[in-house]
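So the structure is just underneath, and the comments pick up after that.
The values are calculated or read from the model by the stated rules, or taken from the named source; none is laboratory data. Just so you know, these numbers come straight off a predicted model, no measurement behind them. Cβ atoms come from the backbone with ideal geometry, glycine included; neighbour counts cover every protein chain shown.
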Amino acid sequence: MDRSPTGDTPSPGKRALVVVNEQVTKGELRDVLLVHLSTGVSEVFVVAPALADSGLKHTMGDIDDAIEPARERLRGTLQELRDAGLNADGEVGDSDPVQAISDEIIKFDPEQILVVAHRDDEGTFAEKGLLEQAERDFDLPVTELIVSREAEPEVLDVKSSKPVAGRKKGWRPSHNWPPLSRRDVIGILVAIIGTLALGALAAECVGDATGQGDLEEGRLGAACAASILIALAMALINLAHVVGLFLFQSVGYEGIFSRFFARLSLFGTPIAIAVVLLLQLAK
């Protein structure tokens, strides 16, 4: 991580964490950001997530090309905040803004979080639903400044989350379970129903082969064999997803592997069902 020290000793007072998915520049954005900093803030820590430019790169952790833009975003933002008279420090953070916030909360212990981000239809893959995730995961107030992608970004909207005291938000069957978001619940349902559907399709294929006498010759057709392999592979993936989901949630982990397994199960299961159906129709 790249840290840019100020060389000054911070005075006691409130601390604010600023997450910049867009560089803070002179003008409207800097002014709005300063307005939303709580009264009495004496120390600001800036984190610039190394945002991948595609969902695939984000999922696979390919952020090499994103580190230098994040450094530039950090340097420019720190300069603007220091010019405004703030004691500002910062570093390049995780590619997942939520994980980056979590990391800095542990190290910096802020009283306030401000996020400079883009609209879902203009932002990176990692920015989608960012405020909702922050509201669910953190017991601190979060203010999100939605900005445009311009040389001098325009503030399009300002949103705030309500802090959750003590425990994360989310549905849970009992208080002994970790909280589950809507995506988590949907993922579990897709994993269970999809695995059962693939198993039924594979069993039907074997039953058809038995009726045709193929098993007596010690072989299955290529389509049937492929269907069975796909069903077994997705069963293992979905099992890993459900077990991993509860493991990740129980320890409060919301990083790349949690999202990777969730998407693999959510999108992979319907695709696997479609492929198996096509194989059985084509045989």
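A few points about this structure:
- The stretch 72-91 residues that are under 16 Å from Ala151 (Cβ atoms) and touching a residue at least 40 places away in the same chain (Cβ under 8 Å), paired with ones that are part of a loop (DSSP other than H, G, I, E, B) and β-branched (Val, Ile, Thr) (beta carbon under 8 Å, 6 or more apart): Gly76/Val24; Gly76/Thr25; Thr77/Val24; Glu80/Val24; Glu80/Thr25
- Looking at Phe248, Phe267, just one residue is closer than 30 Å to Ser102 by Cα, at pLDDT 85 or above and either within 16 Å of the chain's Cα centre (by Cα) or of a type outside the set (A, V, I, L, M) (or both), and that residue is Phe267.
Each row is one residue, and each column tells you yes or no for (1) in contact (Cβ under 8 Å) with a residue 12 or more places away in the chain; (2) small (Gly, Ala, Ser); (3) in a strand (DSSP E or B); (4) in the same structural domain as Thr25 (by TED's automatic domain parsing).
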| position | (1), (2), (3), (4) |
| --- | --- |
| Asp120 | no, no, no, yes |
| Gly123 | yes, yes, no, yes |
| Gln133 | yes, no, no, yes |
| Leu140 | yes, no, no, yes |
| Ala151 | yes, yes, no, yes |
| Leu156 | yes, no, yes, yes |
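- Residue count, the stretch 24-40 (criterion: buried (at least 22 other Cβ atoms within 10 Å of the Cβ) and assigned to a loop (DSSP other than H, G, I, E, B)): 1
- Within the span defined as the stretch 120-137, every residue fails to be in contact with a Leu (Cβ under 7 Å, 6 or more places away or on another chain) and modelled with pLDDT of 85 or more.
- Checked against the criterion of being assigned to a helix (DSSP H, G or I), touching a strand residue (DSSP E or B) at 6+ places or on another chain (Cβ under 8 Å), closer than 15 Å to Ala16 by Cβ and at pLDDT 80 or above, the candidates Glu104, Glu80, Glu43, Glu144 yield just one match: Glu104.
- Residues satisfying the stated conditions in the stretch 95-115, i.e. in contact with a helix residue (DSSP H, G or I) (Cβ under 7 Å, 6 or more places away or on another chain) and under 24 Å from Val35 (Cβ atoms): Pro97, Ile101, Ile113, Leu114, Val115
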